[in-house]
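What follows is a single structure, written as structure tokens, with notes after it.
The values are calculated or read from the model by the stated rules, or taken from the named source; none is laboratory data. Every value quoted in this text rests on a predicted model; they were computed, and no experiment measured them. Using ideal geometry, Cβ is built from the backbone for each residue, glycine included, and neighbour counts are taken over all protein chains shown.
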Amino acid sequence: MKLVELSGVTRSFASGRRARVLAVDNVSFSINRGESVGLVGESGSGKSTLSRLICGLTPAEDGEIRLNGKPITAPSRAVQMVFQSADEALNPAFTIARNIAVGLGLSNAGALPEVRSVAAKVGLPPELLPRLPHQLSGGQQARAGIARALIAQPELLLLDEPTAALDVSVQALVLRLIDRLRTETGCATLLVSHDLDVVRLMCTRVLVMYRGRIVEAGPVNQIIEAPRHPYTRLLVSATPGRNQGDRMTLPSTAPHADTEACHFRDRCPMATDICAQSRPKLDDMAPGHAVACHHSSSAAPQISGSGAC
Amino acid sequence: MTPDWTTNLVEARDLTISFGATAVVDTVSLDLPKGRITALVGESGSGKSLIAHSIAGILTPAATLQAARFGFSGVDLSDASGSGWRDLRGRQIAIIFQNPRAALSPVRRIGQQIGDVIARHRGLKGAELSRAVVEALASVGIVDPEARQHAYTGELSGGMCQRVMIALALACNPRLLIADEPTTGLDNTTQAAILDLVVEQIRARHMACLLITHDLALAREYADEIRVMHAGQIVEEAESSRLFSAPRHPYTRALLGASASQAGSIEALEPIPGSLPDLRGDLPACRFADRCARAEPRCRIAKPLTTGPSGARVACWNPVS
């Protein structure tokens, strides 16, 4: 049963006086009820814009986003976001209780019973509720951010690098918490991260984004163990501990604005003329595993050489 | 024991760094051998950066430093006013920080900033200086260094800024490179490129390197030696491969168990019980005792000795065998 469905979603932003950056370029995919999906890619690939689009915080220029079959045009209570830096996402002048109540659209703490129950769910002791965000540790702030999202009883939780700023032990706590809450509430999750190990633990399916496009999508283990798109291979080989001596260090170049080409072609060792002439479609290679590459059926290339970043 | 300056560039014995009565680094012994990368790993607040700062001579004046021995190739590092020491800094010891954009000036061109350092330490001028600047930028893989030297940091990506920082650090052929979380906040692909570059330079120049990181997978891939720190104490010293195959200190095991990179499934991911102790309070002799399932009464009374063969030393009364 599909919860969220994106078809041909596009969004660009002005960059300088005349240029526009295509942050999300004709993206289509869906998330099922209760599913845990990962979204990976390097900075600037459009991950955050895509999650803001799904959340209704940024309107799409083209295409459609449907939630339970109905188009999303404005922020909906059913889709909640947990932001990257919890300390910046909480209002510094509000108590923790009031910050959590904001998730219900209230600006007072009249919702105290709900606040208390959701705080208990995320393991936030009640004595912290009257405190201000700066009086909490990083892990406690992360819990408060999750509570604020959870109080609205969302059907989809968007998690934007929820543990990037946390220490290893606190990261483990928060990841376990998110996993438990997902099982308990049946809420679907879209986890945006550049940490493939976190995605491997938390998600069943993963979408790989590059310069505004989804270049590969499939079951998380297949993608990490046997990536098919050259960019996914680069990403996997750059993960510490996954370098099999075949690390690809490819130069990164200026983004392309042309829609009728593969965006990865300048960094790609497999690129040929066709890559500059037509945009590769996201085609199924195997059931549930899709790749957008003109050469996806070719063997893995051996790549070496250093480049800029 | 007399210092071994043929193998080691830096030797610290019983190094203690305190703020008032609080020892935030507690009797730490650490060697930095030439041509090798030594990683210092641990949670934030464990004292990793303070050790780096004390070696680089940029320790805050609020801290006091004591050591039985603290030397850099025969020069005493514990006397910050010593003239021998001043000569080391910048020329022989270089440091790269977590946030390169904050460490570089936003209002001077990157070529000028590198030029300042080279002029100061190598005494070059004019055309010779310009050539050295371009060479320094080229050596860290910056494409088109002649043009790029005129850029400001705001025009460069985070990865590029870190390359500039490394060029700056290596410009005077230092013998020690301290890298304090050099790739935190960078993309994995950029991180790999930066660290491959650092390793290549360390090997080529036979430098010593202290890599500070909280990322165990990163330490495993890039370091030869790993020192695990908890609350100001080094609890385990091991060769990189050995630490992961047979961790002996309960804290090392806990740290590995909490790392996403080491876990097979979300259920296998085990947070470390408790948190770092408040160093201002009454501390057990082994500072991990309150978080440790293997703790015995003596762990609270007597600080465990560091024992074991070289490459597999552990400070624990009840290590995992």
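Counting only helices (runs of 4 or more DSSP H) wholly contained in segment B:40-115, the ones carrying 1 or more residues that are under 25 Å from B:R205 (Cα atoms) and without any contact (Cβ under 8 Å) to a residue 24 or more places away in the chain occupy B:48-56, B:83-88.
Residues of segment B:1-40 that are under 20 Å from B:A62 (Cβ atoms), exposed (fewer than 15 other Cβ atoms within 10 Å of the Cβ) and among the aliphatic types (A, V, I, L, M): B:A21 alone. Right, A:V199: in a helix (DSSP H, G or I), within 14 Å of another protein chain (Cβ to nearest Cβ) and modelled with pLDDT under 95 or not? Against the criterion (in a helix (DSSP H, G or I), within 14 Å of another protein chain (Cβ to nearest Cβ) and modelled with pLDDT under 95), A:V199 does not qualify. Under the condition of being away from every other protein chain (no Cβ under 12 Å) and closer than 25 Å to B:L255 by Cα, the residues counted in segment B:182-210 number 3.
The selection criterion, being under 27 Å from B:V133 (Cα atoms) and assigned to a helix (DSSP H, G or I), does not hold for B:G35. Could you please let me know if A:G105 is at pLDDT below 90 and of a type outside the set (V, I, T)? Judged against the criteria, A:G105 is a match. Kindly check whether there is at least one residue in segment B:151-162 that is within 26 Å of B:K34 (Cβ to Cβ) and within 12 Å of chain A (Cβ to nearest Cβ). Yes; the residues of segment B:151-162 include at least one that is within 26 Å of B:K34 (Cβ to Cβ) and within 12 Å of chain A (Cβ to nearest Cβ). The set of residues from segment B:119-142 being of a type outside the set (G, A, S) and touching a residue at least 12 places away in the same chain (Cβ under 8 Å) comprises B:R120, B:H121, B:R122, B:L129, B:V133, B:V134, B:L137, B:V140, B:I142.
For segment B:269-283, give me each residue that is more than 8 Å from every other protein chain (Cβ to nearest Cβ) and not aliphatic (A, V, I, L, M).
B:P273, B:G274, B:P277, B:D278, B:R280, B:G281, B:D282 - these are the residues of segment B:269-283 that are more than 8 Å from every other protein chain (Cβ to nearest Cβ) and not aliphatic (A, V, I, L, M).
Being part of a strand (DSSP E or B) and either farther than 19 Å from A:L173 by Cα or out of contact with any strand residue (DSSP E or B) (no Cβ under 8 Å at 6 or more places or on another chain) (or both) is a property that B:E236 has.
Would you confirm whether or not segment B:133-149 contains a residue that is part of a helix (DSSP H, G or I), surrounded by 21 or more Cβ atoms within 10 Å (Cβ to Cβ) and in contact with a Cys (Cβ under 8 Å, 6 or more places away or on another chain)? No: zero hits.
Between A:R66, A:R77, A:R148, A:R131, which is in a strand (DSSP E or B) and of a type in the set (D, E, K, R)? None of the other options fit; the residue is A:R66.
Being under 18 Å from A:C187 (Cα atoms), without any contact (Cβ under 8 Å) to a residue 24 or more places away in the chain and assigned to a loop (DSSP other than H, G, I, E, B), is that true of even one residue in segment A:80-100? Looking through segment A:80-100, none of the residues is under 18 Å from A:C187 (Cα atoms), without any contact (Cβ under 8 Å) to a residue 24 or more places away in the chain and assigned to a loop (DSSP other than H, G, I, E, B). I'd like to check something: does segment A:125-142 contain any residue that is at pLDDT below 90, within 25 Å of A:V40 (Cβ to Cβ) and touching a Ser or Thr at 6+ places or on another chain (Cβ under 6 Å)? No, segment A:125-142 contains no residue that is at pLDDT below 90, within 25 Å of A:V40 (Cβ to Cβ) and touching a Ser or Thr at 6+ places or on another chain (Cβ under 6 Å). When segment B:55-78 is filtered for residues that are more than 17 Å from B:L177 (Cβ to Cβ) and aliphatic (A, V, I, L, M), the ones remaining, listed by number, are B:L59, B:A62, B:A63, B:L65, B:A67, B:A68, B:V75.
A:T259 versus (1) more than 13 Å from chain B (Cβ to nearest Cβ); (2) modelled with pLDDT of 85 or more: which is the lone unmet condition? Unmet condition: (2). Taken over segment A:161-196, the criterion of being within 8 Å of chain B (Cβ to nearest Cβ) and within 13 Å of the chain's Cα centre (by Cα) is satisfied by A:H194, A:D195, A:L196. When B:V199 is tested against the conditions (1) of a type in the set (A, V, I, L, M, F, W, C); (2) closer than 30 Å to B:C299 by Cβ; (3) in contact with a Cys (Cβ under 9 Å, 6 or more places away or on another chain), the lone failure is (2).
Of all the criteria given as (1) free of Cβ contacts under 8 Å to residues at least 60 places away in the same chain; (2) more than 12 Å from every other protein chain (Cβ to nearest Cβ); (3) crowded, with 20+ Cβ neighbours inside 10 Å, the one not satisfied by A:G218 is (1). Restricting the first member to segment B:175-189 and to residues that are touching a residue at least 60 places away in the same chain (Cβ under 8 Å), and the second to residues that are surrounded by fewer than 22 Cβ atoms within 10 Å (Cβ to Cβ) and among the acidic types (D, E), no beta-carbon pair is closer than 7 Å while six or more apart or on different chains. Selection within segment B:228-268: residues that are of a type in the set (A, V, I, L, M, F, W, C) and touching a Lys or Arg at 6+ places or on another chain (Cβ under 6 Å). The member of this set that is farthest from the other protein chains (Cβ to nearest Cβ) is B:I234. So which residues in segment B:211-227 are away from chain A (no Cβ under 12 Å) and not aliphatic (A, V, I, L, M), if there are any at all? Correct list: B:D224, B:E225, B:R227. Could you tell me which residue of segment B:150-196 is surrounded by the fewest Cβ atoms within 10 Å (Cβ to Cβ), considering only residues that are charged (D, E, K, R) and assigned to a helix (DSSP H, G or I)? Within segment B:150-196, the match that is surrounded by the fewest Cβ atoms within 10 Å (Cβ to Cβ) is B:E155. Yes or no: A:T185 surrounded by 21 or more Cβ atoms within 10 Å (Cβ to Cβ) and at negative phi? Against the criterion (surrounded by 21 or more Cβ atoms within 10 Å (Cβ to Cβ) and at negative phi), A:T185 does not qualify.
Number of residues in segment B:116-132 that are of a type in the set (A, V, I, L, M), exposed (fewer than 14 other Cβ atoms within 10 Å of the Cβ) and not in a helix (DSSP H, G or I): the value is 0.
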